[in-house]
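What follows draws every value from the coordinates through simple rules; no lab data is involved. Computed from a predicted structure; not experimentally measured. Don't worry about glycine lacking a Cβ; one is built from the backbone with ideal geometry, like all the others, and counts go over all protein chains shown.
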Amino acid sequence: MKHNTFNKITAVLMAVVMLATGCLLSACGGDKNYAANNTEFVIGMSGPLTGGAAIYGVAVKNSAQMAVDEINAAGGLNGVMFKLVATDDMHDATKVATNYANLYENGMQVSLGTVTTKPGLEWKNLSVDDNVFFLTPSASGDAIPANANGFQMCFADGNQGKVAADYINQNFAGKTIGVFYKSDDPYSAGIYQQFKANLSSSVTTVEAVFTDANTTDFSTQIDTLKDCEFIFMPIYYQPASIFMLQAKDKVAANAVYYGCDGLDGIASAEGFDINSIPQEVSMLSHFDSNATTGAAKEYIDKYVAKYGADTLNQFGASAYDCVYAIYNAMKAAYEADNSSISVTMSASELCEVLKAQFNGSFSYSGVTGQNISWDSTGYVQKTAIRYVVKPAASNEN
Amino acid sequence: MDFITTLINGLSLGGIYAMIALGYTMVYGIAKMLNFAHGDIIMVGGYTIFVVLGLSGNPILATVAAIIVCVVLGVTIEKIAYKPLRGASPLAVLITAIGVSYLLQSLAQIIFGSAQKIVIVADMGTVTLGSVSISVSTLVTLGCTVLVMVVLTLFVKFTKTGRAMVAVSEDRGAAQLMGINVNRIITITFAIGSALAALAGLFYLMKSPGLTTTLGAMPGIKAFTAAVIGGIGSVPGAMLGGILLGVVECISYKITAIAPYTDAIEFSILIIILLVKPTGFLGKKRREKV
């Protein structure tokens, strides 16, 4: 009997606790305006500031801070300053929830999302509930901009085929180019299919494929491609390095290899001396860290003077553009209607303003491209450049 | 002249397949087992070349070392893994061979890591004859495989050990009654097969400088296919099958429309041969007595 009473009391207590939790949760679920007491516009971000990927996170943080400092020095937005708050996720998705909550509860109104893709997927899910706008400099996963509040400054992984085709349509109309890809690999074949679908009919292709990862005797493929002066190879750097070694005497020395992000790291591949390859090795990118003119050159000079060349990379360049793109969009909205922007507005309110800009006719020109715009999915629309990993060996003949 | 280049590339690749197929077919003919670890001996040969070449810089020394290591390894595997199973069901031996294959791959991964190594055995450049441009290494591979096959054929035909091998493959029981030491012949067969695998590893690296722990996997399967196409157990059959497969592979890669299906085409040949001529081109029909 006594035991029974205890059970009943426990059950009632449990019910009360559950009810109370339920109420609390539902109270939190609304778009609470943590920015109500802000005196500056707060931009949040999460990235690997320490750990193995720190070179990317630090570049993003430095560059974003540089852009914020410049904007503030020029008077901010109608006198209101900007503030960057960077949190460290060590490229670990499990740290993102805490970072996000801290940022949001401390008045974050707009964000750069994350630096890398895996934490970015977490950020994407968290930010959609609160309707926090993010423009990520470098989280390139296809699903990152899946929700209406997310946009990318970098090319999405699955969008590289189209971007490469655009580049080749512009530069090789009426010419013949070589294509070398791995037909049984989703990454390579995926880029290839998208590339072909977007390639202009005026460009002729000579194609060679390989299949199994262990098929590394490329004699036949090299024979097929040997007369091409421009070879597009959306493959990973390991087979690419083997191909280049086997082809170095057969393909013309003035030929150009052009890859996608799979070639990233080829210059430092173990045992591979990229300088033994006479041909030019290049890849699709939106930033040339050796630029000698234009906005990219200005950015490089400013960055190196302030932070040194160790962390100079496309991640930072992209982050610099992100901050300016957000600022320009806010400014455009403010100029169209000066009641649309206020320093105490909530993240959700600002998100609606920015979405209207990014989905509208807004475009931005900066370090990583001219007339950059965004399509309805949040993918960036801009021209790729050919980033030269290693220039052609100087012709001694 | 494109066709001639493709043909030479195909013959050269086929030569490598033939060399590996010889290891399969000889072991099958004599020990009546499919040694699926054979492909991984190629990989061990490759890593031996990588290590010795890195230490000494001498490609000939590296090749000799690779042959020695592979022969010792092949014979050891036979003694430890296969000999206790002599007389066991073929399935048990087959599974053991697959186990040995994984063991070798995993050991190599533990020792050398999974990252691709680059091994440049010797930079021999390219020769141009008229409009045909071919790597010197391709021609060397082709020449060496022809030489190896001639020597092996002569060995089997004209030496006492060679004829003993033929005898064991024809009828193990009768050969034993005639005073042939069957265990010794099996050991010699494994030694020869492993030495050929080491050479195949060398030629593979000469063609393509990429070395991974799964290097032997696909060439091993292709060579096995070649051995079956040629008629498993038949030495000239393995050579024929290997060269056929190499040429088909290169021609298929050369034709853009069918290039992505190259592997499928190669293995379809196997299926067709098995349907039309189950013993392979040069295989002998054996009547099973019940």
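Quick notes
- Put a dot 7 Å past the Cα of A:Asp184, heading toward its Cβ, do the same for B:Asp171, and the two dots end up 4.4 nm apart.
- Fewest-first sequence of B:Leu177, B:Leu282, B:Leu215, A:Leu354 by Cβ atoms within 10 Å of each Cβ: B:Leu177, B:Leu282, A:Leu354, B:Leu215
- Toward the positive end of the charge dipole of the protein assembly as shown, with +1 on the Cβ of Lys and Arg and -1 on the Cβ of Asp and Glu, the farthest Cα among B:Gly220, A:Val256, A:Ser138 is that of B:Gly220.
- Derived scalar couplings between HN and Hα for the range A:368-382 equal 9, x, 10, 6, 6, 9, 10, 8, 5, 8, x, 6, 7, 10, 7 Hz in order, rounded to whole Hz, by the Karplus curve 6.51 cos²θ - 1.76 cosθ + 1.60 (θ = phi - 60°), x for Gly and Pro.
- In terms of surrounding Cβ atoms within a 10 Å radius of their Cβ, A:Ser219, B:Ser208, A:Ser376 rank from fewest to most as A:Ser376, B:Ser208, A:Ser219.
- Using just its DSSP H runs of length 4 or more, each adding -39500 (n - 2.57), chain A gives a mean residue ellipticity at 222 nm of -13500 deg cm²/dmol after division by all residues.
- Shape category assigned to the range B:92-139 from the gyration tensor of Cα positions, a/c cut at 1.5: oblate
- Rounded to 10°, Cα long-axis angle of helix B:262-276 versus longest principal axis of chain B: 30
- Computed E for A:Asp375/A:Glu335 - FRET, C-beta separation, R0 22 angstrom, nearest 0.05: 0.35
- Value at 222 nm in deg cm²/dmol, rounded to 500, when DSSP H runs of n ≥ 4 in chain B each add -39,500 (n - 2.57): -24000 deg cm²/dmol
- Annotation for A:Asp301 and B:Ile68: the two label points, set 7 Å from Cα along the Cα-Cβ direction, are 6.3 nm apart.
- Modelled FRET efficiency - R0 30 Å, A:Ser361 with A:Ser200, Cβ distances, 0.05 increments: 0.70
- Relative exposure of B:Thr145, B:Thr76, A:Thr224, judged by other C-beta atoms within 10 Å (fewest first): B:Thr76, A:Thr224, B:Thr145
- Förster-model FRET efficiency, 25 Å R0, B:Met124 and A:Ala267, C-beta, rounded to 0.05: 0.45
- Inter-label distance for B:Asp2 and B:Ile80, nm, one decimal - labels placed 7 Å from Cα along Cα-to-Cβ: 5.0
- Too-long pairs where the Cα-Cα distance tops 18 Å, listed order kept, from A:Lys175/B:Lys254; A:Lys331/A:Lys355; A:Lys331/A:Lys382; A:Lys83/A:Lys118; A:Lys61/A:Lys306; B:Lys32/B:Lys83: A:Lys175/B:Lys254; A:Lys331/A:Lys382; A:Lys83/A:Lys118
- DSSP bridge analysis restricted to the protein assembly as shown gives an antiparallel fraction near 35%, rounded to the nearest 5.
- Cα-based Kirkwood hydrodynamic radius, chain B, one decimal, Å: 19.4
- Mean separation of Cα contacts under 8 Å, 6 or more apart, over the residue count of chain B: relative contact order %: 36
- What the phi angles of the range B:155-172 give under the Karplus curve with 6.51, -1.76 and 1.60, with θ = phi - 60°, is a coupling list of 4, 5, 7, 10, 9, 5, 4, x, 5, 5, 4, 4, 4, 4, 5, 6, 7, 4 Hz, glycine and proline written as x.
- For A:Val389, residues with placed amide H under 5 Å, excluding near neighbours: A:Val281, A:Ser282, A:Met283
- Gained length - B:Leu107 relative to B:Phe155, 0.36 nm times residue gap less alpha-carbon distance: 13.9 nm
- Most mobile of B:Ala200, B:Ala88, B:Ala175 in a GNM of chain B (Cα contacts under 10 Å): B:Ala88
- Helix B:38-56 axis, angle to chain B major axis (alpha carbon atoms, nearest 10°): 50
- Within straight-line cross-link reach of A:Lys162, aspartates and glutamates at Cα separation under 16 Å, skipping those fewer than 8 residues along the same chain: A:Asp142, A:Asp261, A:Asp375
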